[in-house]
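The values are calculated or read from the model by the stated rules, or taken from the named source; none is laboratory data. All values reported here derive from a predicted model rather than from experimental measurement. In this analysis, Cβ positions are derived from the backbone assuming ideal geometry, glycine residues included, and neighbour counts consider all displayed protein chains. We work out accessible area using only protein heavy atoms, side chains counted, and drop any ligands, DNA or RNA first. Shrake-Rupley method; radii C 1.70, N 1.55, O 1.52, S 1.80 Å.
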Amino acid sequence: MKPETVEFLTAGLRPLNCRSCGTCVLVKKNSMQHTSIQWTSDASRSCPVFAEQKASGAQTALLDTCGNLSESIEAALKDGLLEVPE
């Protein structure tokens, strides 16, 4: 991968722990509507919501995120730990 591609994909990512389960992900807000999330572990092993989905036979690769992580991201925005670029 070209260095500029790596920079585009990883610049601005910040570690964030889910307030529910403690799973750490890398997060970047690109806009109010667009959030980039990069899992640092196997989501179906570290996130109870993903684990439950996998156990029920769902394709976890098709899940955007879990509600608990979304709430954690929103709380981080409110607390000033994440910012939305202008």
Might you check whether a residue that is open to solvent by 40 Å² or more (accessible area, probe 1.4 Å) and touching a residue at least 40 places away in the same chain (Cβ under 8 Å) occurs anywhere in segment 57-79? yes
Inside segment 16-27, can you point out the residues that are in contact (Cβ under 8 Å) with a residue 24 or more places away in the chain and either open to solvent by 70 Å² or more (accessible area, probe 1.4 Å) or not in a loop (DSSP other than H, G, I, E, B) (or both)? LEU16, ASN17, ARG19, SER20, VAL25, VAL27
Does segment 36-54 contain at least one residue that is aliphatic (A, V, I, L, M), surrounded by 12 or more Cβ atoms within 10 Å (Cβ to Cβ) and in contact with a strand residue (DSSP E or B) (Cβ under 6 Å, 6 or more places away or on another chain)? yes
Output the number of the condition that GLU4 fails; it satisfies all remaining conditions of (1) open to solvent by less than 60 Å² (accessible area, probe 1.4 Å); (2) at negative phi. (1)
Pick out the one residue from SER36, SER70, SER46, SER41 that is farther than 21 Å from GLU86 by Cβ, under 9 Å from the mean Cα position of the chain (by Cα) and among the small types (Gly, Ala, Ser). SER70
